[in-house]
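Heads up, the thing below is written out as structure tokens.
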Amino acid sequence: MSAQLDRLSTVLDMAEAVVIGAGAGLSAAAGYTYTGERFERLFSDFAKRYGFSDMYSGGFYPYDTLEEYWAFWSRYVMCNRYEPAPKPVYEQLLSLVCDRDYFVLTTNVDHCFQRAGFDKQRLFYTQGDYGLFQCSRPCCQETWDNEKTIRAMVERQQNLRIPSELIPHCPNCGAPMTMNLRCDGTFAEDKGWHRAASRYGDFLRRHEGMSTLFLELGVGGNTPGIIKYPFWKMTAANPRATYACVNLGETAAPVEIDTQSILIDASADEVISLL
């Protein structure tokens, strides 16, 4: 791994632009794991009653009532959005790029980049934000901050239910709210989402043909069309670009960009720390 690390360090030093593509593996490396000891510690009561064995499955469980639904989701959002990540991986990553021309594209919805100090104008959260509500219909493309409500739900829930008066409803149509997460065709792309998408597009256009590092961290095969495939395509189109893939157990690149690729089979926290 040392030779690949040395090469990545050199490319990072020389790059005129750095585009970070971050997936779930990066947050897992920072300690936001959804299974194992952390799940048992935070959700053993839910697991015992409903039978699921990880947080992700709990998010899709067909709860009988909104009081139960929001009891789970409020605790889920609290521990994965408002409580600090166990490891300073995002802060260490920022120290590597803070004096460079960078942009972040991420499918993560835990807001770790912004909380670590990354420039908000250089972030595009494509899949939503745990910190936002939206209308479940949706009747509009709007979102609402949820921290105050989420904290109240966590504090007041009993027997895996929240008080009925805390169930959030859309202020426009009265329908129940839901999380602003892209899981089906009802995802609300608000004005902030479109502004971020525009800034990302502008960044890519301004750096066409320049020495660019496409740094992919912890991106798996769940939604490769958002980060992985575009990074491959843009690297192939620019002979001065480098594609770096850091992912434990899942690294690959097309043969067409073999000489432009750096593949490191390791966890993101290990690589970032060594860099």
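Of all residue pairs spaced 6 or more apart or on separate chains, those with beta-carbon atoms under 8 Å, a first member in segment 66-79 that is of a type in the set (Val, Ile, Thr) and a second member that is in a helix (DSSP H, G or I) and surrounded by 22 or more Cβ atoms within 10 Å (Cβ to Cβ) are VAL77/ILE150. Within segment 237-255, not a single residue is in contact (Cβ under 8 Å) with a residue 60 or more places away in the chain, more than 24 Å from the chain's Cα centre (by Cα) and part of a strand (DSSP E or B). Applying the condition of being in contact with a strand residue (DSSP E or B) (Cβ under 6 Å, 6 or more places away or on another chain) and buried (at least 20 other Cβ atoms within 10 Å of the Cβ) to segment 12-63 and asking which residue is farthest from PHE124 (Cα to Cα) yields ALA15. Residues that are in a helix (DSSP H, G or I) and acidic (Asp, Glu) within segment 143-167 comprise GLU147, GLU155, GLU165, listed in sequence order.
Which residue out of TYR56, TYR90 is outside any strand (DSSP E or B), farther than 16 Å from MET177 by Cα, among the hydroxyl-bearing types (Ser, Thr, Tyr) and touching a helix residue (DSSP H, G or I) at 6+ places or on another chain (Cβ under 6 Å)? Even if it seems obvious, please write down each step before you answer.
Details: TYR56 fails: touching a helix residue (DSSP H, G or I) at 6+ places or on another chain (Cβ under 6 Å).
Every option except TYR90 fails the conditions.
Beta carbons closer than 7 Å, at least 6 apart along the sequence or on distinct chains, pair a first residue in segment 14-37 that is under 17 Å from SER95 (Cα atoms) with a second that is part of a strand (DSSP E or B) and of a type in the set (Ser, Thr, Tyr) for ALA15/THR212; GLU16/THR212; ALA17/THR212; VAL18/TYR102; VAL19/THR212; ILE20/TYR102; ALA22/THR106. From the list ILE226, ILE162, ILE167, the lone residue that is crowded, with 22+ Cβ neighbours inside 10 Å and either hydrophobic (A, V, I, L, M, F, W, C) or out of contact with any Pro (no Cβ under 8 Å at 6 or more places or on another chain) (or both) is ILE162. Quick one: would you say ASN238 is touching a helix residue (DSSP H, G or I) at 6+ places or on another chain (Cβ under 7 Å) and closer than 24 Å to THR126 by Cβ? Against the criterion (touching a helix residue (DSSP H, G or I) at 6+ places or on another chain (Cβ under 7 Å) and closer than 24 Å to THR126 by Cβ), ASN238 does not qualify.
Residues in segment 181-221 that are under 30 Å from PHE60 (Cβ atoms) and acidic (Asp, Glu) were compared, and the one that is modelled with the lowest pLDDT is ASP184.
Residues in segment 250-275 that are closer than 22 Å to PRO230 by Cα, loosely packed, with under 15 Cβ neighbours inside 10 Å and either polar (S, T, N, Q) or not assigned by TED's automatic domain parsing to the domain that holds THR212 (or both): THR259 alone. In the set (1) free of Cβ contacts under 8 Å to residues at least 60 places away in the same chain; (2) at positive phi, the condition left unmet by GLY218 is number (1).
Does ASN108 fit the bill of being in a loop (DSSP other than H, G, I, E, B), under 23 Å from VAL219 (Cβ atoms) and modelled with pLDDT of 95 or more? Yes; evaluated as a whole, the condition is true for this residue. Being surrounded by 14 or more Cβ atoms within 10 Å (Cβ to Cβ), of a type in the set (Lys, Arg), farther than 30 Å from GLY201 by Cβ and in contact (Cβ under 8 Å) with a residue 60 or more places away in the chain is the requirement here; does ARG122 meet it? The answer is no for ARG122.
Taking segment 212-225 on its own, how many of its residues are closer than 24 Å to LEU275 by Cβ and either out of contact with any strand residue (DSSP E or B) (no Cβ under 8 Å at 6 or more places or on another chain) or of a type outside the set (Gly, Ala, Ser) (or both)? Can you show your working first?
First pass over segment 212-225, keeping only residues closer than 24 Å to LEU275 by Cβ: 212-220.
From what's left, either out of contact with any strand residue (DSSP E or B) (no Cβ under 8 Å at 6 or more places or on another chain) or of a type outside the set (Gly, Ala, Ser) (or both): 212-217, 219-220.
Of the residues in that region, 8 qualify.
Just one of the listed residues (CYS135, CYS98) is at pLDDT 95 or above, more than 19 Å from CYS79 (Cβ to Cβ) and outside the structural domain of PRO230 (by TED's automatic domain parsing), namely CYS135.
Restricting to segment 152-176, what's the tally of residues that are in contact with a Cys (Cβ under 6 Å, 6 or more places away or on another chain) and either under 20 Å from ALA71 (Cα atoms) or not assigned by TED's automatic domain parsing to the domain that holds GLU142 (or both)? Reasoning before the result, please.
In the first step, residues of segment 152-176 are kept if they are in contact with a Cys (Cβ under 6 Å, 6 or more places away or on another chain); the result is 170, 172-173, 175.
Of the ones still in play, those that are also either under 20 Å from ALA71 (Cα atoms) or not assigned by TED's automatic domain parsing to the domain that holds GLU142 (or both) are 170, 175.
The total comes to 2.
The values are calculated or read from the model by the stated rules, or taken from the named source; none is laboratory data. Note that the structure is a prediction, hence the values are computed from the model and not measured. Please note: Cβ atoms are built from the backbone with ideal geometry, for glycine as well, and neighbour counts cover all protein chains shown.
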